[in-house]
Amino acid sequence: MKQIPIFRVTGIFLVLVFLCSVLFGCGGTGSAADDAYLTQVTASVTEAQSLIDEMISFSNEMTEATGTFSENKDSDAYVEQCRTKLTLLEEKVAVVQELQQQIEKSGAPSSDFGKAIEQEQKEYFEDMLLYLNAMQETLTFYTAQYDASLELLEAANPAQSSFQQYLGDLYSTTVRVKENLLALPTPSYLSTLWTHYVGAFDMLTSYLQSVSSAAAGDVLLSYSADQIISRVTIEGNAYEKQIADLMVRQYVHSADVLENNLKVFGSEILSSCEKKKVPENSYVS
């Protein structure tokens, strides 16, 4: 049998390895298409990581602003800040969705490694949207309840010539505003407390009824009205403080998860794309 020179055997082996790599992805990510996919994942996640830094600052700013509002009760200034932040947050959510679409447009990976990265990047972006939407929900809720309460503030300004008519209109407005507030979509962490807070409006309607009767000369009802409005003020302030505290906790929690979980997850994805290997103890596993 004729021997093949060793150098020729080595050359044939290298050619086979090259063909295997190009045609079948042996030892690589699977195909040139997979490489393009990983390149897009890297680009999208890199941009998203910078976005996470912005959202951490966003959360910290709202934590401080909500705490300050809880102390000074400057609702007008705080709600305008909430509106501004809500617009900004909506823009950031749109950016995240665009980054997801860019990855989807790059095609689906075929190798096991590429599919593992696909699963990770999907989890990463879904988690990011989950927490951005949670902050968005809080901002939307606060601005909506503020707007729904304006009608009551306007009705509290006595413009009618008849005091009894004024009280009657204020009573009707209070009942209507209560119903509107209860109908608002409420963040889950506020649902129980919010129901109790809005329930305090029943004391306000009792106060108005007592004032109406007191105006007719009933001294005892006049005293009762003073007691009720004092209780309304105390309970209302206590509920508002608790609501603000829970909102602060939500912002703090969002910042913590974004920094200590999601950003770490993003770094793992970028490292995996670079090294072409998913860590054994990965975030997903």
**Asked** Which residue pairs have Cβ atoms under 6 Å apart, sit 6 or more places apart or on different chains, and have a first residue in segment 80-97 that is in contact (Cβ under 8 Å) with a residue 60 or more places away in the chain and a second that is surrounded by 14 or more Cβ atoms within 10 Å (Cβ to Cβ)?
**Response** Cys82/Leu139; Cys82/Tyr142; Cys82/Thr143; Arg83/Thr143
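Taking into account only those residues within segment 58-73 that are open to solvent by 60 Å² or more (accessible area, probe 1.4 Å) and assigned to a helix (DSSP H, G or I), which is farthest from Glu259 (Cα to Cα)?
Going through the qualifying residues, I end up with Asn72.
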**Item:** Which numbered condition Ser31 fails, given (1) touching a Gly at 6+ places or on another chain (Cβ under 7 Å); (2) at pLDDT below 50; (3) polar (S, T, N, Q)
**Value:** (2)
**Item:** Scan of segment 74-93 for residues that are out of contact with any Leu (no Cβ under 9 Å at 6 or more places or on another chain) and part of a helix (DSSP H, G or I), ordered by number
**Value:** Ser75, Asp76, Ala77, Tyr78, Val79, Glu80, Gln81, Thr84, Thr87, Leu88, Glu90, Glu91
**Prompt:** Going through segment 160-196 one residue at a time, which ones are part of a helix (DSSP H, G or I), in contact with a Ser or Thr (Cβ under 8 Å, 6 or more places away or on another chain), open to solvent by 70 Å² or more (accessible area, probe 1.4 Å) and closer than 30 Å to Met135 by Cβ?
**Reply:** Leu182
**Item:** Residues that are open to solvent by 50 Å² or more (accessible area, probe 1.4 Å) and modelled with pLDDT under 95, drawn from segment 106-122
**Value:** Ala108, Ser110, Asp112, Lys115, Gln119
**Prompt:** Are any residues in segment 186-207 of a type in the set (Val, Ile, Thr) and either at pLDDT below 80 or over 29 Å from the mean Cα position of the chain (by Cα) (or both), and if so, which ones?
**Reply:** Thr205
**Prompt:** Can you name the residue in segment 208-239 that is at pLDDT 75 or above and open to solvent by 70 Å² or more (accessible area, probe 1.4 Å) and, of all such residues, is nearest to Asp74 (Cα to Cα)?
**Reply:** Asn237
**Asked** Since Ala144 meets every condition but one in (1) surrounded by fewer than 17 Cβ atoms within 10 Å (Cβ to Cβ); (2) at pLDDT below 95, which condition does it not meet?
**Response** (2)
**Residues that are aliphatic (A, V, I, L, M), assigned to a helix (DSSP H, G or I) and farther than 16 Å from Ala134 by Cβ, drawn from segment 244-285** = Ala244, Val264, Ile269, Leu270
**Complete:** Given (1) closer than 24 Å to Leu153 by Cβ; (2) at pLDDT 95 or above; (3) open to solvent by 30 Å² or more (accessible area, probe 1.4 Å), Ser50 misses just (1)
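The values are calculated or read from the model by the stated rules, or taken from the named source; none is laboratory data. Here the structure is a predicted model, which means the values were calculated and not measured. Note that each Cβ is placed from the backbone with ideal geometry, even for glycine, and that neighbours are counted across all protein chains shown. Remember, those area values only see protein heavy atoms, side chains included, never the ligands or the DNA or RNA. Shrake-Rupley method; radii C 1.70, N 1.55, O 1.52, S 1.80 Å.
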